[in-house]
Amino acid sequence: MLIEQARGALKRVYGYDSFRKGQEDIISGIMNGRDTLAILPTGGGKSICYQIPAMLLPGTSLVISPLISLMKDQVDALRRVGVSAAYLNSSLGAAEYREVMRSAMQGEYKLLYVAPERLDAPMFQSLSEQLAIPLIAIDEAHCVSQWGHDFRPSYRQLAGWIARMTNRPLVAAFTATATNEVAIDISEMLRLRDPSVFVTGFARPNLSLSVVTGADKKKFLERFISERKDQSGIIYAATRKEVENVYELLTRRGIQAGKYHGGLSDAERAQTQEKFRFDDIRVMVATNAFGMGIDKPNVRYVLHWQMTSDIESYYQEAGRAGRDGEESECILLFEPADMQVQRFLIEQGTGDTDRKSIQLSKLHTMMNYSRTQRCLQQFIVDYFGETGVEACGKCSSCLDKSEPVNRTDEAKMALSCVGRMKGRFGVTMVAKVLKGSRDKRLLEFGLDRLSTYGLMRHLPEKEIADWLYWLVSEGYLKLSEGQYPVVSLTANALPVLEGRELIMQRVRATVKQTANLDTGAASPLFEALKQWRKEKAAAEGVPPFMLFFDATLREIANAQPRSVEQLLSVKGIGAAKADKYGEGLLELIHSFGGESTASHDVEAKPIISNKRASTEETPSHLLTLELFQAGQETDNIAKARGMSKVTIEGHLIRCGDEGHELDWSRIIPAEYEQQIAEAIHEIGIEKLRPIKDALPEEISYFAIHGVISKYRLKG
Ligand code: ADP
């Protein structure tokens, strides 16, 4: 019964047909009065797990979250679907704060989001005395554990306050990253009462994970981005300086990028983040300061310029790709020397010895991830204690079909050199010896007299150092702890040196394109829908994803619904959105309809009854044509008719397709006509994106459609 209500809300409010893995169980647990600890991967749909119970339970539920901009997005999104919600955090001015508090006290909200820093004992006290609070949902619950990677002292106080509330509400804790240890800690620290624990698995099937080793990073990046022109992505770099460098590299190439790091002012950062959310810039180059609170669902790739210090951080950052469930890529550019940088940062850090040794061991695991030949998804879920996950089949390890190369000879050279240097030097010096360098210090130590001196002189010194790091990650060598780690043999080296064990290595020099990525499959209608969404969103002052996700637009483009009822069956369209945008969407779909708008079973009512759109006798696209022929430009027509520009463009193309006279020179810039025609000839018209990408940026889809229509290329 309860779950029926929840299903009803899922469809009515969010427009989704079915629950995702775990959601139903979690919601029924909460509705049946159980404290809950739920561990769901990023993008797994945690919010719905507490939002639906909050809607159904009487009173106001509290949501504790450290993510300020995420709160705003969620509250905006809830209001758009007709649920009363508000937030209290430091972004509010004093007057706004008081106003929200006042309304909250009167029980006006179903959900009240609160930042933990804003909470104090008296506030809890007065809220709990005046309000019916059925549920407290604690998001990012791993922040309560100091074993986690993101400990926040303000979370520690929560448990005490909750315990002292007059009527202790249900407590449901949510997180995406928690090892077993952290999960137990969360439960204890929050004093959950006999909680139902749900772990739905850490795997993110829509992510393709890759590690790229030994690439020329700059060249790699340029190519990578140029192949993904229209996609949103984040590039994480370890330091501010690197962020600046990468940012400059991209902007010099004319790519619209933004930068984000701790050295910029709050205003600059906020502005760049907004631009990114609104799709005004496609690529964000950032340190890990850019993170908490990014809830942009259509991030198509996250590229790490350097490795992170642990798997938790990596997976959390990489996991910002593909929250909307669409295929996305996570690429780690790995250079063994990055390990040194991270190690240095840990050594210089403020933690005590215990903390540092936990961090160093996490760093080693990260290094192993960067080196492993196992399925990368398996490696990660394994780390979080989950077993039995099948190989993903699309990470760089799974796709790596290269035959392992026998590198036993080189291994023997390196190992015996390390042995002779008696654990007194670091990797760099060993590499110099193998290279046969004339380095001053090397000569002072007389290392040029070793029998291994110059044994690998045919290789670049950097490659030798990489080779040594590989032997470390495979466990044949070890690095000491401390600021200047020295390298020495492990017990595993002996069988190799004695010729009893072979060393095989897969060499992955080149970068493989990951599987299944939708890089060029955009249909014209999909492109038009995106453009329409962007204009609408800009007019409303919200990011495009607030209106619809790409997946929803893609489904609309495929299904081409012709009525509000049909629109409602599209995933991601609930009653509120259909009400607000249905008419505009149907109009746009119609303008792309061509001959498929045959009269049978087409419920064209919403379009015909569209007061702005058409008179009884003249179809909408012909009205547009009249205005166009009267000399009006598309911008003006759009304004005059209260429609988006892409709709108007769609009308004109449709007129062209139907054989109406059009002044094509106003649609297709004369100087490009030939070039567009050639590109179409070469690429074909199945997909427009590759054509667009092959042409100068200033050529619009409209012009391309124009050429197709003018020359009747549709077949
Ligand atoms: P998390 O907080 O776990 O990272 P979110 O709650 O932000 O994930 O959900 C990720 C996305 O998945 C959101 O856009 C959400 O609307 C969508 N989503 C959640 N549950 C479902 C569902 N049952 N069906 C379809 N989409 C869903």
Among all residue pairs at least 6 apart or on different chains, which show Cβ distances below 6 Å where the first residue, located in the stretch 319-346, is within 23 Å of Y301 (Cα to Cα) and of a type in the set (D, E, K, R) and the second is within 13 Å of the ligand (Cβ to nearest atom) and at pLDDT 90 or above?
R320/V299; E327/N206
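Among the candidates A38, A86, which residue alone is within 13 Å of the ligand (Cβ to nearest atom), in the same structural domain as A178 (by TED's automatic domain parsing), touching a strand residue (DSSP E or B) at 6+ places or on another chain (Cβ under 8 Å) and not in a helix (DSSP H, G or I)? Please lay out each step first, then the result.
Details: A86 fails: within 13 Å of the ligand (Cβ to nearest atom).
Only one candidate qualifies: A38.
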Hits in the stretch 639-669 - residues which are at pLDDT 85 or above and of a type in the set (A, V, I, L, M):
V646, I648, L652, I653, L662, I667, I668
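Among residues belonging to the stretch 338-369 that are among the β-branched types (V, I, T) and assigned to a helix (DSSP H, G or I), point out the one that is surrounded by the fewest Cβ atoms within 10 Å (Cβ to Cβ). If you could, list the steps in order and put the result at the bottom.
From the stretch 338-369, those among the β-branched types (V, I, T) are 341, 346, 350, 353, 358, 365; that's our starting set.
This time we only want the ones that are assigned to a helix (DSSP H, G or I), so: 341, 346, 353, 358, 365.
Details: V341: 16, I346: 21, T353: 7, I358: 15, T365: 14.
The qualifying residue surrounded by the fewest Cβ atoms within 10 Å (Cβ to Cβ) is T353.
Considering only helices (runs of 4 or more DSSP H) fully contained in the stretch 174-273, which possess at least 2 residues that are within 26 Å of C49 (Cβ to Cβ), over 19 Å from the mean Cα position of the chain (by Cα) and more than 16 Å from the ligand (Cβ to nearest atom)? Show your work before the answer.
Working: elements: 180-189, 217-226, 240-252.
Output list reads 180-189.
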In the stretch 324-337, which residues are within 15 Å of the ligand (Cβ to nearest atom), touching a Phe, Trp or Tyr at 6+ places or on another chain (Cβ under 9 Å) and not in a strand (DSSP E or B)?
D324, G325, E326
Residues that are among the polar types (S, T, N, Q) and either assigned to a loop (DSSP other than H, G, I, E, B) or outside the structural domain of V144 (by TED's automatic domain parsing) (or both), drawn from the stretch 57-83:
T60, S65
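If I filter the stretch 399-420 for residues that are part of a loop (DSSP other than H, G, I, E, B) and surrounded by 19 or more Cβ atoms within 10 Å (Cβ to Cβ), do I get at least one hit? First the steps, then the outcome.
Taking the stretch 399-420 first, the residues part of a loop (DSSP other than H, G, I, E, B) are 399-404, 407.
Within this subset, residues satisfying the condition of being surrounded by 19 or more Cβ atoms within 10 Å (Cβ to Cβ) are none.
Taking every residue of the stretch 399-420 in turn, none turns out to be part of a loop (DSSP other than H, G, I, E, B) and surrounded by 19 or more Cβ atoms within 10 Å (Cβ to Cβ).
Against the definition (surrounded by fewer than 16 Cβ atoms within 10 Å (Cβ to Cβ) and in contact with a Gly (Cβ under 7 Å, 6 or more places away or on another chain)), how does G423 come out, yes or no?
Details: surrounded by fewer than 16 Cβ atoms within 10 Å (Cβ to Cβ): yes; in contact with a Gly (Cβ under 7 Å, 6 or more places away or on another chain): no.
In short, no.
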Give the residues of the stretch 95-109 that are under 14 Å from A85 (Cβ atoms) and of a type in the set (S, T, Y), sorted by residue number.
S103, Y109
Among A54, A95, which is in a helix (DSSP H, G or I), out of contact with any Cys (no Cβ under 6 Å at 6 or more places or on another chain) and free of Cβ contacts under 8 Å to residues at least 24 places away in the same chain?
A95
Of the conditions (1) within 10 Å of the ligand (Cβ to nearest atom); (2) of a type in the set (S, T, N, Q); (3) at pLDDT below 90, S69 clears all except one; give me its number.
(1)
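Which of the residues spanning the stretch 21-33 are surrounded by fewer than 18 Cβ atoms within 10 Å (Cβ to Cβ), in contact (Cβ under 8 Å) with a residue 60 or more places away in the chain and either within 11 Å of the ligand (Cβ to nearest atom) or basic (K, R) (or both)?
Residues of the stretch 21-33 that are surrounded by fewer than 18 Cβ atoms within 10 Å (Cβ to Cβ), as a first pass: 21, 24-25, 28, 32-33.
Right, trim to in contact (Cβ under 8 Å) with a residue 60 or more places away in the chain and you get 21, 25, 33.
Hit for the stretch 21-33 is K21, nothing else.
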Looking only at residues that are farther than 22 Å from R641 by Cα and among the polar types (S, T, N, Q) in the stretch 533-590, which one is farthest from the ligand (Cβ to nearest atom)?
Q560
Does G8 count as without any contact (Cβ under 8 Å) to a residue 12 or more places away in the chain and either of a type outside the set (G, A, S) or more than 9 Å from the ligand (Cβ to nearest atom) (or both)?
yes
Here the residues within the stretch 231-262 that are in contact with a helix residue (DSSP H, G or I) (Cβ under 8 Å, 6 or more places away or on another chain), exposed (fewer than 15 other Cβ atoms within 10 Å of the Cβ) and either of a type in the set (K, R) or modelled with pLDDT of 90 or more (or both) are R253
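The values are calculated or read from the model by the stated rules, or taken from the named source; none is laboratory data. Note that the coordinates shown come from a computational prediction; the quantities given were computed from them, not determined experimentally. When we count neighbours, we look across all protein chains shown, and the Cβ atoms used for this are built from the backbone with ideal geometry, even at glycine.
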